[in-house]
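Enquirer: Take a look at this one; I'll ask things after.
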Amino acid sequence: MTLALDLRAVELLCSRLCHDLVSPVGAISNGVELLTEMGPDEEALALVGQSAQAAATRLKFYRVAYGAAGADLPPGELHDLMTALLQDRHVSLS
């Protein structure tokens, strides 16, 4: 690959990472803002928790998919990770 192609691949990967993380991180920010303004609220706490879990799951997936850790991951752990990743998209693995 040429340097230009390598750079373009990195740009696309970074764009994808940012795109997929902006929603859960934004929801965490909104949830914290609600908690600050209104005090402890079960719905806001649930929103923050779900959004934090979604962001963490996506980061784990990207680490496995694009990092060096993916080659050593046991199939069962990969299945669990993919199940968690697809959970909020109403898709299941069989």
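The values are calculated or read from the model by the stated rules, or taken from the named source; none is laboratory data. These figures come from a predicted structure and were not determined experimentally. All Cβ positions, even for glycine, are placed from backbone atoms using ideal geometry, and neighbour counts span all protein chains on display.
Enquirer: Go through the range 19-61 residue by residue and tally those that are among the hydroxyl-bearing types (S, T, Y), out of contact with any Gly (no Cβ under 8 Å at 6 or more places or on another chain) and surrounded by 16 or more Cβ atoms within 10 Å (Cβ to Cβ).
Expert: Qualifying residue count for the region: 1.
Enquirer: Please go through the range 11-60 and pick out each residue that is β-branched (V, I, T) and under 24 Å from D80 (Cβ atoms).
Expert: V25, I28, V48, T57 - these are the residues of the range 11-60 that are β-branched (V, I, T) and under 24 Å from D80 (Cβ atoms).
Enquirer: Of everything in the range 40-90, what is among the charged types (D, E, K, R), free of Cβ contacts under 8 Å to residues at least 12 places away in the same chain and in a helix (DSSP H, G or I)? Give them in sequence order.
Expert: Matches in the range 40-90: E42, E43, R63, D72, E77, D80.
Enquirer: Return yes when L93 is hydrophobic (A, V, I, L, M, F, W, C), surrounded by fewer than 12 Cβ atoms within 10 Å (Cβ to Cβ) and assigned to a loop (DSSP other than H, G, I, E, B) and no when it is not.
Expert: Here the answer is yes, as L93 does meet what is asked.
Enquirer: Since D72 meets every condition but one in (1) modelled with pLDDT under 85; (2) within 12 Å of the chain's Cα centre (by Cα), which condition does it not meet?
Expert: Result: D72 passes all but (2).
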